[in-house]
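Heads up, the thing below is written out as structure tokens.
Taken together, the values in this text are just the output of simple stated rules run on the coordinates, not laboratory data. Just so it is clear, the model here is predicted, and its values are computed rather than measured. Quick reminder, even Gly has a Cβ in these numbers, built from the backbone with ideal geometry, and neighbours come from all protein chains shown.
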Amino acid sequence: AQSVTQLGSHVSVSEGALVLLRCNYSSSVPPYLFWYVQYPNQGLQLLLKYTSAATLVKGINGFEAEFKKSETSFHLTKPSAHMSDAAEYFCAVSGTGRRALTFGSGTRLQVQP
Amino acid sequence: GAVVSQHPSWVICKSGTSVKIECRSLDFQATTMFWYRQFPKQSLMLMATSNEGSKATYEQGVEKDKFLINHASLTLSTLTVTSAHPEDSSFYICSARDGGAGEGGYTFGSGTRLTVV
């Protein structure tokens, strides 16, 4: 079985500050890990994914995440927050094959001017 | 990149009627599609997995007679909410897996907001 835990349902940062959204995973097989962003009443947009290649994954909009097996973590970071980053962020995990993604509970990011 | 089109984006229906939601992969063949449900301010919960040409696999607690899933072609899956009731009001999102994209090839539709009155 696989699962992800997102620490912090709400994160608030100032514009220009570092963004850090935490995700820890649990998996009995080598995981594939994802970060998605969701704006109100919209679907999910892929920010980045880890599929067993480089442990530091760069995504869109300046986001990146580092896979740390020893810590079972896949935290999402962005050096400088922008107002447009305010949204809901979901971490997700999948194994091999045609399995569905399992999502974390989500973290709402607020960006203060 | 891979695109999944989901329609309608929102629908209001009367209690007791049925509603069909379509999910199409526009530029790839989706051997597997997934249907999720999302309540306000909550995460996505997997409802079912559908494979082209075979019966859908429903998650525990999901009524297969209420949520009918059809995956008749490699580019189209439909979710029909039968005899809808207000408690079925929710945001429904489909996802298609692009087998040609290797591991991690998941694309999501834009979602359907269902309101049952």
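Values for this structure:
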read-out	value
Value of Rg/Rh across the stretch A:1-41 [Cα atoms, Kirkwood radius]	1.05
Burial ordering of A:Cys23, A:Cys91, fewest other beta-carbon atoms within 10 Å first	A:Cys23, A:Cys91
Where only C-alpha atoms are counted, convex hull volume of chain B per residue in Å³	98 Å³
Unpaired by the 4.7 Å Cβ criterion, cysteines found in chain B	B:Cys13
Relative contact order, percent, chain B [alpha-carbon distance under 8 Å, six or more residues apart]	37 percent
The stretch B:50-117-the stretch A:48-68 distance, computed between alpha-carbon centres (Å)	28 Å
For B:28-36, mean number of other protein chain Cβ atoms within 10 Å	2
Cα-based Kirkwood hydrodynamic radius, the protein assembly as shown, one decimal, Å	18.1 Å
Stokes-Einstein D (µm²/s) once Rh is taken as the Kirkwood radius of the stretch B:48-103 over alpha-carbon pairs, at 4 °C in 1.567 mPa s	103 µm²/s
DSSP-loop GluC sites (Glu not before Pro) across the stretch B:20-117, with at most 12 other Cβ within 10 angstrom	B:Glu63
Rg over Rh, two decimals, chain A (C-alpha only, Kirkwood Rh)	0.95
Cβ charges +1 (Lys, Arg) and -1 (Asp, Glu), total dipole of chain A, debye	340 debye
Where only alpha carbons of the stretch A:54-113 are counted, the Rg and the Dmax (Å)	13.3, 44
Two-site FRET efficiency, A:Asn61 against B:Cys13, from Cβ-Cβ distance with R₀ of 35 Å, rounded to 0.05	0.45
Packing-based exposure ordering (other Cβ within 10 Å, fewest first) of B:Met47, A:Met83	A:Met83, B:Met47
